[in-house]
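Here it is, the structure in full.
Please treat every number below as a calculation from the coordinates, not as lab data. In this text the structure is predicted, and so the values were computed from the model without any measurement. Every residue, glycine among them, receives a Cβ derived from its backbone with ideal geometry; neighbour counts consider all protein chains shown.
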Amino acid sequence: MKKNLKSRLLLSSGPVSLSLLLSLGIVPSAQAQASSNATPAAPAPAAGPGDAQPATPSSPDTAAAKPDQTPPAPTGFWERSNLLGDMGGLRPWLGNYGVSFGLQETSEYLNNLSGGTRRGGAYDGLTQFGIGVDTQKAFGLPGGIFNVSGLQIHGTNLSSRDLQTLQSASGIEADATTRLWELWYQQSLLGGKVDVKVGQQSLDQEFMVSQYAGTFMNATFGWSVLPSVDLPAGGPAYPLSSLGARLRVTPSENWTVLAGVFDGNPAGNGVGDAQKLNAHGTNFNLHDSALFIGEVQYALNPAPSDPAAAKPAGLPGTYKLGFWYNTQTFADQGFDTTGLSLANPASNGIARSHRGDYSFYAVADQMVWRPSADSPQSVGVFARVMGAPGDRNLVDLGINAGVTLKAPFKGRDNDVVGLAVGYAKIGSHAQDFASTSAIYTPGYPSRSAETILEATYQYQVTPWWQLQADFQYAFRPAGGIPNPENPSQRIGNEAIVGLRTNITF
């Protein structure tokens with residue numbers, strides 16, 4: 001199983017776009033500080049209902065005609081958006097030539113208090129770094145953005161060592177290494193209504209994203225458990241990525257369409273641990289299957305593209321429908337080529353094969369309450385549902401849902417408290433395999449579904465430093481797999497506590 005992570009290095013189209021500057025830590029973003037993200041990206045804010053569309057690029061003429069109304073960024077140590085500030089003028093000097101960079105460190109400690117295969121704690125950490133180039137400023141090419149980002153992953157993975165859950169306790173858990181993450185070029189066309197991105201990409205930065213789910217630490221609230229478990233190597237998502245092309249069309253402020261085709265196996269050729277097969281992110285593979293993905297987004301009461309414009313009276317929300325299809329051949333989870341259960345001693349042991357795999361999904365983010373349009377306090381809810389065939393997939397249904405409260409206390413405008421649940425149903429043929437195993441191995445546990453409950457609190461110490469306290473409880477880890485110490489019993493339910501710190505440099 002692949003461990004995933006989620007934040008986002010979302011560099012939207014257009015020269016010197018605000019999203020690019022926010023992503024690379026040049027200007028402050030309250031939303032960036034209020035979002036933890038279960039799946040990482042290079043230093044950047046999470047996309048939300050009001051940010052679903054890319055910023056429309058301004059031409060040199062319109063930029064000259066309109067004076068800059070953006071207030072200067074705070075420069076005080078406790079108020080600025082990054083620890084190192086403008087680095088003695090280096091950041092703004094590079095910005096004059098279209099170059100931006102970001103650096104972010106996430107560290108956490110998780111401890112399993114009960115159940116699992118072992119109790120105890122583990123430290124893991126992630127250093128993310130990225131460079132963006134605005135091609136208009138750098139080369140005079142309007143509407144272009146070049147991006148490269150890397151990861152330095154360190155520490156130990158509690159989920160694979162002690163928990164054995166399908167839904168990893170942390171979105172940053174991965175094999176310790178230094179690796180290339182993304183390497184792409186994006187070109188804006190038709191006044192920002194269309195943009196194309198080509199190169200090495202991590203799909204969890206744009207597809208299946210939920211703003212409010214990004215508050216939580218468990219990986220399933222970033223890149224969901226269903227694609228993480230079912231796709232080869234977990235799909236093109238943290239810490240892996242794939243070569244491909246993505247098209248985004250934004251006909252209006254309300255509608256966005258995403259479509260892409262990518263290499264279907266980011267691990268490249270070979271059998272074994274996907275992260276070891278592609279240990280440094282440099283297997284630029286196009287020799288296996290293809291992954292097709294598409295998504296339609298509707299933004300309800302989106303924030304206006306002009307910061308000076310009045311905010312809509314209604315509460316913002318984003319609704320998405322999508323699908324993916326992978327052309328690879330997939331093994332049946334329960335039956336052999338003759339129709340016998342793979343758990344039957346008479347089976348030939350060769351799993352039936354299925355050509356292709358697919359999933360449909362829906363995502364909803366909706367703010368349901370705030371005292372006024374300019375209040376920092378708000379309540380948001382999210383839900384995400386994904387389904388896939390039960391014959392060739394270990395997980396055939398994945399559901400996430402939760403609620404977050406921003407600014408829970410007076411004077412804590414950028415703190416967030418949240419409660420969420422993640423549900424992973426074991427596929428029908430995998431359940432059949434477990435049931436048949438019980439016939440020949442008395443006491444062998446049945447498999448049904450894994451459920452994760454998570455409660456979390458994000459505390460913003462400064463705009464560049466966050467602390468997050470977290471509690472998770474796992475019911476029926478991996479849907480009820482046998483405990484290796486006693487195969488007649490399933491792994492016990494687990495209680496996990498954690499503390500995360502995030503610093504933007």
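If you line up the long axis of helix 428-440 against the longest principal axis of the chain, both from Cα atoms, how many degrees apart are they, to the nearest 10?
The angle comes out near 30 degrees.
Applying 1/(1 + (r/R0)^6) with R0 = 51 Å to the Cβ-Cβ distance of residue 196 and residue 465, what FRET efficiency is obtained, to the nearest 0.05? Write down the numbers at each step before the final one.
Numbers: r = 36 Å, r/R0 = 0.71.
E(calc), rounded to 0.05, equals 0.90.
With only Lys, Arg, Asp and Glu charged, each at its Cβ (+1 for the first two, -1 for the last two), find how big the charge dipole of the stretch 18-504 is about the Cα centre; round to the nearest 20 debye.
Working: 28 positive and 38 negative charges, 56 e Å.
That gives a dipole near 260 debye.
Please report how far the C-alpha centroid of the stretch 308-335 lies from that of the stretch 100-137, rounded to the nearest whole angstrom.
What the calculation gives is 24 Å, centre to centre.
Take the chain, mark every one of the trypsin sites (Lys or Arg not before Pro) that falls in a DSSP loop and has at most 12 other Cβ within 10 Å, then report the longest stretch left between them, sites excluded. Working shown, then result.
Details: sites that count: 118, 410.
It works out to 119-409.
Using a 10 angstrom Cβ neighbour count of at most 14 plus a DSSP loop assignment to flag exposed GluC sites (Glu not before Pro), which longest range of the chain is free of such sites? All intermediate terms of the calculation are to be shown ahead of the outcome.
On the way: sites that count: 79, 485.
Value returned for the longest uninterrupted segment is 80-484.
Would you calculate, for the chain, the mean residue ellipticity at 222 nm contributed by helices, counting each DSSP H stretch of 4 or more residues as -39,500 (n - 2.57) and dividing by all residues, to the nearest 500? It would help to have the intermediate numbers written out before the result.
On the way: 8 runs with 51 residues, N = 505.
The per-residue figure over the chain is -2500 deg cm²/dmol.
Among 492, 260, 101, which residue has its Cα positioned farthest towards the positive end of the charge dipole of the chain, with +1 placed on the Cβ of Lys and Arg, -1 on the Cβ of Asp and Glu, and the dipole taken about the Cα centre?
Result: 492.
Which chymotrypsin sites (Phe, Trp or Tyr not before Pro) in the stretch 400-442 pass both tests, a DSSP loop state and at most 10 other beta-carbon atoms within 10 Å?
Working: sites: 409, 423, 433, 440; in loops: 409.
Those that pass, being in a loop and sparsely packed, are 409.
Ok, one more. Quote the FRET efficiency, to the nearest 0.05, computed for residue 131 versus residue 448 with a Förster distance R0 of 41 Å and r equal to the Cβ-Cβ distance. Don't skip to the end; give the middle numbers.
Numbers: r = 46 Å, r/R0 = 1.13.
It comes out at approximately 0.30.
Say the cut-off is 31 Å between C-alpha atoms; which of 137/193; 320/406; 193/311; 276/406; 197/320 go over it?
Numbers: 137/193 21 Å; 320/406 23 Å; 193/311 22 Å; 276/406 39 Å; 197/320 20 Å.
Exceeds cut-off: 276/406.
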